[in-house]
Amino acid sequence: MHKHRLHIPTRKIMPSIHTPVYQFSCVKNMVVLGSSLVFLFLTFVPPAFTQVPAIDSEDALIQRATEAWIDGSTPHALEILEEGLAENPGSLTLRTLRGNILATSRHHQEALDDFEAVLKEAPEALAVRWAKWSTLTRLGNGALAIDELQRIAQREPLNPLVPLRLAQDLRKIDRLEESVVWYQKAVNLVPEMPGWRLNLARALFDVLQYDKARQEVQQVLQTVPRHSPVEMAARNLLMITYGATKERGRRYQPIFSPEGSAEDRKRWGLIRHQGWEHFAKGRYQEAEPILRELLSLKPNDHRVTYELGVSLMELGQYEEAINLLQKGIELGPTSGSYSEVFLDSIFRIGQSLVALQRWDEALLHFEILQEIATVPPESLKAPSSKENKPVSNDSETTDDPDAPPTTLSGKMIDQEKLSYWMEQVWQHIPRPEKASPDANEMLPASALTELPPDQDSTLVAKKFTPDELFHTRASLMGRDADFSWFQFVIPASRVMRDDLQVGNHEFIPIHPNDTFPTTQQEIYLVFALVTASYDAIPLTAQCFLETSPITWGKAPLVQDQVVMSTNEQSGYFILSSPKTEWMPGLYRCGLFVGDTVSAYTQADEVRFRIVAPNQPS
């Protein structure tokens, strides 16, 4: 753990020169001796050594300016560079260094001008592009930073972290449709990352592409181990995509106004009862054309959509029935998620998939119903323990209308029927192995517990097995952070501190990038908080190889903790190289707020990668 200490630059002080007083005769003798030496030098030394010394080379100028900059003498460093640019105005190296120095001395626009001038002559200079992106990000110019990141993506087509960061940044400014495109590019580069695919599924869900979102989640469920933390995150997201919660996606906008013309609504009212009567009496052949006409008059009627889906299923038209039943779930109201229509839709989709011999997909639907049926009654809204009263189902109750319905879901699901259909599926696919009975031994130590630090932790520990607890490395898969503490987090090779006049500090990343060599000694994660800290708040970073298995009790490869002082808004983590050296691969760092490290205190995440010296980027 480190605190952000004051770094007082050391300044070299030249020693004073004491000049002795010489007698006149002594001076006279020295003048004569000096004249003789000059004569001998001009006579015998080659002419080449008598020329005026050359000015410093570009490398020497860069070294002098860099040393002055690091020592805290920014004006002197800029003077050295101005002299060099006066002699060589076309030097891109000198101009890049000047841009870096200006970016750390609050001359942001001048720095951006230098970066742009260099990129105009050398558009492939990735280090300059990263420096420009970092400056724009620190200034809060999100749209311009995204534009620069897109240019970096064009020049680093094999770096999966660039499209991933682009997708995440686009979500922050509500450019959701573009975010989906970049998530897809990131997943295409590393298809073996289940967490990235779940984030893609969430992005698809938010733009109302529910079918594609479910397909991505199901692909994850087919590849990850049973009972793993990743499987739990995937199943949670699958429940959301099937409408088991109030979420409908960020682009969802309910329509409250009547649909169609007055004549259409009149026609709909005349035939609605007729369609319902045929459906209720099981006359599906007669109900089908009427229900289709009703949907043409009112396409967003979720109840008619459900009835037509059931009718088509009973008539053996399973593919279209699945689509309609799923659409009915998506069009359903945002409350009363555990209604009979919702549950029956999922069950009938499973039956239709069985008829189509799509066993794995059918099993997923039956398992969703099984999970809903086993929701503990304590998780539903119940009366106070002090009042021994039954739960009221009165529609005029004053309870929160957005609270989960009080009717227990298990009573709506016929467990015997569900078990029968699951057995039909198990006859065609292998059963999973049961979880190890020694799972308790895999729990982390008490200092690293993943249980929520609140009064409900005992209940959670009793109701769920260790394999079902949230894991920090999987808690953000398929969702955004619940609260955003960090305005940005930028990996860099070095960091510099700028002392502000109000007394606090700003830490500035030097040589920002997301790619580092295996020999990198230290990686800095430079961050800014959304608001200044109101107290001495500990922040923790824990980093793992993202491809490594997610297991309980596994120590992070590298970690660091800082304590933010009051009113501080900027800081950094130091990630020192492991004992040997960095292993090549993608690294994910979870960022936590507070004294404990758990899924419930994780505020954000950041990634970087390590590449071997000869590995193409």
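The values are calculated or read from the model by the stated rules, or taken from the named source; none is laboratory data. All figures in this text were calculated on a predicted structure; none of them were measured in a lab. Counting neighbours? That spans all protein chains shown, and the Cβs are built from the backbone with ideal geometry, glycine included. These area figures cover heavy atoms from the full protein model, side chains too; ligands, DNA and RNA do not enter into them. Shrake-Rupley method; radii C 1.70, N 1.55, O 1.52, S 1.80 Å.
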Subset of segment 491-538 that is more than 21 Å from residue 563 (Cβ to Cβ) and among the β-branched types (Val, Ile, Thr) - its residue that is farthest from the chain's Cα centre (by Cα)
519
(1) among the aromatic types (Phe, Trp, Tyr); (2) crowded, with 19+ Cβ neighbours inside 10 Å; (3) touching a Phe, Trp or Tyr at 6+ places or on another chain (Cβ under 8 Å) all hold for residue 600 apart from (2)
Among the residues of segment 537-572, the number that are more than 26 Å from residue 223 (Cβ to Cβ) and touching a Cys at 6+ places or on another chain (Cβ under 8 Å) is 3
Report whether or not residue 328 is in contact with a Leu (Cβ under 9 Å, 6 or more places away or on another chain), farther than 23 Å from residue 208 by Cβ and either at pLDDT 50 or above or open to solvent by less than 70 Å² (accessible area, probe 1.4 Å) (or both).
no
Name the single residue that is farthest from residue 103 (Cα to Cα) among those in segment 496-554 being among the hydrophobic types (A, V, I, L, M, F, W, C) and assigned to a loop (DSSP other than H, G, I, E, B).
552
Check whether at least one residue in segment 546-554 is among the aliphatic types (A, V, I, L, M) and surrounded by fewer than 18 Cβ atoms within 10 Å (Cβ to Cβ), and report yes or no.
no
Check segment 179-187 and report whether any residue there is touching a residue at least 60 places away in the same chain (Cβ under 8 Å), closer than 22 Å to residue 475 by Cβ and surrounded by 18 or more Cβ atoms within 10 Å (Cβ to Cβ).
no
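State whether the residues of segment 595-606 include one that is touching a helix residue (DSSP H, G or I) at 6+ places or on another chain (Cβ under 7 Å) and within 18 Å of residue 159 (Cα to Cα).
Looking through segment 595-606, none of the residues is touching a helix residue (DSSP H, G or I) at 6+ places or on another chain (Cβ under 7 Å) and within 18 Å of residue 159 (Cα to Cα).
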Would you point out the residue of segment 352-391, among those that are more than 20 Å from residue 324 (Cβ to Cβ) and of a type in the set (Val, Ile, Thr), that is modelled with the highest pLDDT?
372
Among the residues of segment 156-178, the number that are out of contact with any helix residue (DSSP H, G or I) (no Cβ under 6 Å at 6 or more places or on another chain) and either assigned to a loop (DSSP other than H, G, I, E, B) or buried (at least 18 other Cβ atoms within 10 Å of the Cβ) (or both) is 8
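Tell me the helices (runs of 4 or more DSSP H) entirely within segment 1-113 that contain at least 2 residues that are acidic (Asp, Glu), at pLDDT 50 or above and surrounded by fewer than 16 Cβ atoms within 10 Å (Cβ to Cβ).
Counting at least 2 such residues, we get 58-70, 74-87.
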Of (1) touching a His at 6+ places or on another chain (Cβ under 7 Å); (2) farther than 27 Å from residue 571 by Cβ, residue 119 fails just (1)
